[in-house]
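Okay, structure first, notes after.
The values are calculated or read from the model by the stated rules, or taken from the named source; none is laboratory data. Quick caveat, the model's predicted, so the values are computed rather than measured. Positions of Cβ are generated from backbone atoms using ideal geometry, with glycine treated the same way; all protein chains shown enter the neighbour counts.
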Amino acid sequence: MDEDDEHMMQIKIQAIKKLNVWFRSSNGIINRIFTQKAPVFGLVIVALIIFIAIAASVIAPNDPLKVNMSMRLEGPSSLYWLGTDNLGRCIASRLIWGARMSLIYSLCVLGLMMVISIPIGLLSGYAGGRVDTFIMRVTDIFLSLPTFLMALAIAGTLGPSAKNMIIAMASVWWSSYARIIRGMAMQMKQQDFILAAKAAACTHSQIIFRHILRNIASPIIIMATLEIGSIILAIASFSFIGLGAQPPTPEWGIMLSDSKEFIQTQPQLMIYPGIAIIITVMAFNLLGEGLKNAIQD
């Protein structure tokens, strides 16, 4: 067995050891999560919201877009579980479909943010030197800007739509995550198994994606889970002011915007979507904090 084969064998042995440690730590993380009441509560609510979003077409009692002016502003009934809005549309159906819209939009924003921030952070942290300096100076420029106002400006320039809202949010919110991922990559590249991979003539892409990214995936998942609640809240804010999803889309922010004229006479029109937003954001935050504490322990 030559020297290269010995290096490759060492890398394989270390990979098997790390896989065993990962399985043991994963079981420990799951056990620690289920010993805490708040994360379990958040997990149950998140699972329920995801189920409602997936099964919206089955669960919803009515068409969320169907207008029936003869039934406008009606109270709860067997046909309209939570009553109707100012256009006679079923509030319960719009809330249920709103869960799907909110999750789809938030996952699109989060996915686009990760697509931008992960490669930039990994490249900056692994390359170092002038590449790292240049990338971080650009990142600092984005970090110095008021992100929400910049997102509003971009969305307003591109035009009001869900697609433009997603682009606007992701284009300014990636910077903080790129810096965090860069720090984790810099720490990880100093580890012994990375040095062994370099000695075994692994390519840079193999080291970055097979070794570094795989080992920092857990913190990235935690960041993503913690961010979903904030993204849902921001999406509702964009839709509320008319720069996000557009009517008649059944989205919680649009429901709040449509009902603001009836806040004194029909306050339930704003209360229902407001409660849905609060519960969803709280659930994702509780779950994210639970994951963070479980992994840190």
Restricting the range 246-258 to residues that are farther than 18 Å from Asn164 by Cβ and not in a loop (DSSP other than H, G, I, E, B), which is modelled with the lowest pLDDT? Asp258
All but one of (1) in contact with a Phe, Trp or Tyr (Cβ under 6 Å, 6 or more places away or on another chain); (2) closer than 25 Å to Ile135 by Cβ; (3) not charged (D, E, K, R) hold for Met165, so report the exception by its number. (2)
Give me the residue from the range 199-210 that is surrounded by fewer than 16 Cβ atoms within 10 Å (Cβ to Cβ) and part of a helix (DSSP H, G or I) and, out of that set, farthest from the chain's Cα centre (by Cα). Ala199
Checking the condition farther than 23 Å from Gly88 by Cα and outside any helix (DSSP H, G or I), which residue from Leu233, Leu243, Leu226, Leu213 passes? Leu243
Just one of the numbered conditions (1) farther than 21 Å from Asn215 by Cα; (2) modelled with pLDDT of 90 or more is not true of Ser124; which one? (1)
Residues being surrounded by 23 or more Cβ atoms within 10 Å (Cβ to Cβ) and either over 13 Å from Ser102 (Cα atoms) or out of contact with any Leu (no Cβ under 7 Å at 6 or more places or on another chain) (or both) - total across the range 251-282: 7
So, restricting to helices (runs of 4 or more DSSP H) that lie completely within the range 1-81, which ones have at least 1 residues that are among the basic types (Lys, Arg) and modelled with pLDDT under 90? 3-34, 37-54
Restricting the first residue to the range 78-94 and requiring it to be more than 10 Å from Pro61 (Cα to Cα) and of a type in the set (S, T, N, Q), which pairs with a second residue that is in a helix (DSSP H, G or I) and at pLDDT 90 or above meet a Cβ separation below 6 Å and a spacing of at least six or different chains? Thr84/Met71
Would you tally the residues in the range 58-100 being under 28 Å from the mean Cα position of the chain (by Cα) and polar (S, T, N, Q)? 1
Residue, farthest from Asp258 (Cα to Cα), within the range 68-89, restricted to residues that are surrounded by 14 or more Cβ atoms within 10 Å (Cβ to Cβ) and of a type in the set (A, V, I, L, M, F, W, C): Trp81
Matching entry among Arg214, Arg182 (being of a type in the set (Lys, Arg) and crowded, with 21+ Cβ neighbours inside 10 Å): Arg182
Give me the residue from the range 131-163 that is of a type outside the set (Gly, Ala, Ser) and under 17 Å from the mean Cα position of the chain (by Cα) and, out of that set, nearest to Ala217 (Cα to Cα). Thr147
